[in-house]
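The structure appears below as structure tokens.
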Amino acid sequence: MITNSTIESRQFRPAVDKDQSLVLTPLQDMKGFLLHHAGRLLLFLITCSSVLLVLLIFFFVIRQALPFFMKFSLIEFLSTKHWYPEAASPKFGILSLIVGSLYVTVSALVFAVPTGILAAIFLSDIVSLRIRDLVKPVIEILAAIPSVAYGFFAVLVLAPWMQSKWGFTTGTNALNASIILSIMALPTIISVAEDSISAVGRELREASYGLGATRFETIFKVVIPSAHSGIIAAVVLGMMRAIGETMVVWMASGNANQIPSPWWDLSQSVRTMTATIAGDMGETPKDSPHYWSLFAIGVVLLVITFLLNIVSEYFLASAKKKTGKS
């Protein structure tokens, strides 16, 4: 029990520092006003600098590609597959390069999407929270491994194994590049999909269990349909990760300028747009048609990734709206 003597013996700290006045002087008020707006201005300038850098990249690539588009036909550039930039009569057709890029990207998604979504379901609804906190950082570490390390693994380990075990004529082919790209896309797909599935909330799960549904029925008939926008965004982001990769496809795809025939034969070599830019840029004379054509390929890549980014942002916004997050 607290007595009056106990209260009098205690020393209470004042609520306000004695050295600081409750009423600010005009100088102190002006100082706080300037610091507040200076901080906001600094953050605004940092944000604008990021946007400005992206716009400058677009401007630089498009400016370097304009001479090519003024001299050569855009339709022929996109619809023909003859890429002979150093020939006596050069031909600039990137259809086979576009097909090669889409070929390895779609094949990588075939491997990565089912695995990534099932792993996201496992982390969000099946495994315990303790194990999830251990497993998820390990999966995300895959994104920190340099792409050239993946490329060396594809060339020195996976390619000889494919030749010896499966009898392929060459181990550097579309299948090799697709497998490595799928591994590289997995951290993005798993992380975004798991966040989306976890954001569905316990209410829908408990309501489903209350109606007598099993865990399997709850996951595949309630949770996944509710989180479909975030899952689609995860797939699109994984696709952007795969289509923009350079080193792996340059080292592991074989760099053969062809459209595989038959189309399902992944054992054939292909060449992608990113590998073409990386392989040709260092040996191309500046301000030559070949030099301009590489920037034209870069414009095509920018357009594709920009459209994919818009699609992913749309589905991410839809997922946040459904879960009540702004």
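The values are calculated or read from the model by the stated rules, or taken from the named source; none is laboratory data. Keep in mind that this is a model prediction, so the values were computed, not measured. With ideal geometry, Cβ positions are generated from the backbone for all residues, glycine too; neighbour counts draw on all protein chains shown.
Taken as a whole, the condition of being under 29 Å from the mean Cα position of the chain (by Cα), within 16 Å of Val299 (Cβ to Cβ) and part of a helix (DSSP H, G or I) applies to Ile62. A Cβ distance below 8 Å, combined with a sequence gap of six or more or placement on separate chains, defines the contacts here; from the stretch 275-289, residues that are in contact (Cβ under 8 Å) with a residue 24 or more places away in the chain reach residues that are β-branched (Val, Ile, Thr) in the pairs Ala275/Thr246; Ala275/Val249; Thr276/Ile94; Thr276/Ile297; Ile277/Thr246; Ile277/Ile297; Ala278/Thr246. Just one of the listed residues (Phe153, Phe92, Phe168) is touching a helix residue (DSSP H, G or I) at 6+ places or on another chain (Cβ under 9 Å) and either of a type in the set (Asp, Glu) or surrounded by 20 or more Cβ atoms within 10 Å (Cβ to Cβ) (or both), namely Phe92. The single residue among Ile180, Ile126, Ile141, Ile145 that is out of contact with any Cys (no Cβ under 9 Å at 6 or more places or on another chain), modelled with pLDDT of 90 or more and among the β-branched types (Val, Ile, Thr) turns out to be Ile180. Checked against the criterion of being over 27 Å from the mean Cα position of the chain (by Cα), of a type in the set (Lys, Arg) and assigned to a helix (DSSP H, G or I), the stretch 71-85 contains one or more residues that satisfy it. Put simply, of Ala256, Ala242, Ala278 the only residue that is surrounded by fewer than 22 Cβ atoms within 10 Å (Cβ to Cβ), under 24 Å from the mean Cα position of the chain (by Cα) and hydrophobic (A, V, I, L, M, F, W, C) is Ala278. The set of residues from the stretch 267-313 being outside any loop (DSSP other than H, G, I, E, B) and of a type in the set (S, T, N, Q) comprises Thr274, Thr276, Ser293, Thr305, Asn309, Ser312.
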